[in-house]
Amino acid sequence: MNTTLRACSAGLLVAAALAGCVNTTAGGEVGVNRRQFILLSQQEVDQTSAQAYTQELQKAKTAGALNSNAVITRRVRTIAERLIRQTPVFRADARNWQWEVNVATSPELNAYCMAGGKIMVYSGLVEKLGLSDDELATVIGHEMAHALREHSRETMSQAYAQQAGLSIVGQLAGLSQGSMELAALATDVALTKPHSRGMESEADTIGLELMARAGFNPQASITLWQKMLKAGGGSGPGFLSTHPSGEDRIAQLQRLIPKVMPLYQAAPKK
């Protein structure tokens, strides 16, 4: 690359980075206000995530594992509906998302929420850990918080940025291309790629406020994590096995609980 082209590419990269610094949610009572690096459009990521989610539903359905446990499915959906009603505190448009809530019969201790509100909970998480409704609300609220903060969109944008320096020459205008590639990335982000330490902390924080506002006891976030740590031999399995560590997470939640307890005390309990 010659000097002029390199300078031009660098300038475009800086401009794209500046244009992409946004804050996708309101701060709520807990005050999450980090600026985020976003390049891909919300519509683009929501569409590809919906496509990826549909593929996962089809896999579970083919295996006879989609919503096959009526009791757990009803519990999960009831809890999720209470949490969803509180999402406009962080972003008004969430009330209009096409939320979906499903349960996959699987021994995995796992759950996720793809962009746009596509929730999946694995039955093993509920059964193996013997979760209470409040503890289950901790898990679902945490995953919903990832979607509200658009962490998948942020991670996917970062992946694009890393791809040959945005593949800046002739590529900036083409971020909407390659929908199949994006759908694969959306699945990868939701199911296998760990979120960053900052993203995990944000999801813990926002999830705690969501559950408190929905009338679920925030103290259950501590017992949930204690169960997770015990199941994982000290590190925690599955969807919560990323940074920060379990002990650090518990300490952070303990610091935040007094801030959200008034919300819980004032909330309806059903």
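The values are calculated or read from the model by the stated rules, or taken from the named source; none is laboratory data. Predicted, not measured: the structure shown is a model, and the values here were computed from it. Here the Cβ is made from the backbone with ideal geometry for all residues, glycine too, and neighbour counts use every protein chain on show. Accessible surface is based on the protein model in full, side chains and every heavy atom, while ligands, DNA and RNA are left aside. Shrake-Rupley method; radii C 1.70, N 1.55, O 1.52, S 1.80 Å.
Tabulated results
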read-out	value
Qualifying residues in segment 196-227 (those that are part of a helix (DSSP H, G or I) and over 13 Å from Ala145 (Cβ atoms)) - the one modelled with the lowest pLDDT	Arg197
Conditions (1) modelled with pLDDT of 90 or more; (2) open to solvent by 80 Å² or more (accessible area, probe 1.4 Å); (3) not in a loop (DSSP other than H, G, I, E, B): number failed by Val76	(2)
Answer from Glu100, Glu154, Glu150 - the residue that is closer than 21 Å to Met199 by Cβ, in contact with a strand residue (DSSP E or B) (Cβ under 7 Å, 6 or more places away or on another chain) and touching a residue at least 12 places away in the same chain (Cβ under 8 Å)	Glu154
Residues located in segment 36-54, provided they are open to solvent by 20 Å² or more (accessible area, probe 1.4 Å), at pLDDT 90 or above and touching a Ser or Thr at 6+ places or on another chain (Cβ under 7 Å)	none
Selection count, segment 127-138, where residues are closer than 12 Å to Val103 by Cβ and crowded, with 22+ Cβ neighbours inside 10 Å	1
Subset tally (residues that are more than 26 Å from Asn110 (Cα to Cα) and at pLDDT below 95) for segment 241-268	1
Segment 79-96 - residue that is in contact (Cβ under 8 Å) with a residue 40 or more places away in the chain and either touching a His at 6+ places or on another chain (Cβ under 6 Å) or not aliphatic (A, V, I, L, M) (or both) and, of those, surrounded by the fewest Cβ atoms within 10 Å (Cβ to Cβ)	Arg85
Odd one out for Ser152 among (1) part of a helix (DSSP H, G or I); (2) at pLDDT 65 or above; (3) surrounded by fewer than 24 Cβ atoms within 10 Å (Cβ to Cβ); (4) of a type in the set (Ser, Thr, Tyr)	(3)
Residue list for segment 41-73, filter: hydroxyl-bearing (Ser, Thr, Tyr) and assigned to a helix (DSSP H, G or I)	Thr48, Ser49, Tyr53, Thr54, Thr62, Thr73
Test for Leu83: is it in contact with a Gly (Cβ under 6 Å, 6 or more places away or on another chain) and aliphatic (A, V, I, L, M)	yes
Verdict on Asn33 being surrounded by 13 or more Cβ atoms within 10 Å (Cβ to Cβ) and of a type in the set (S, T, N, Q)	no
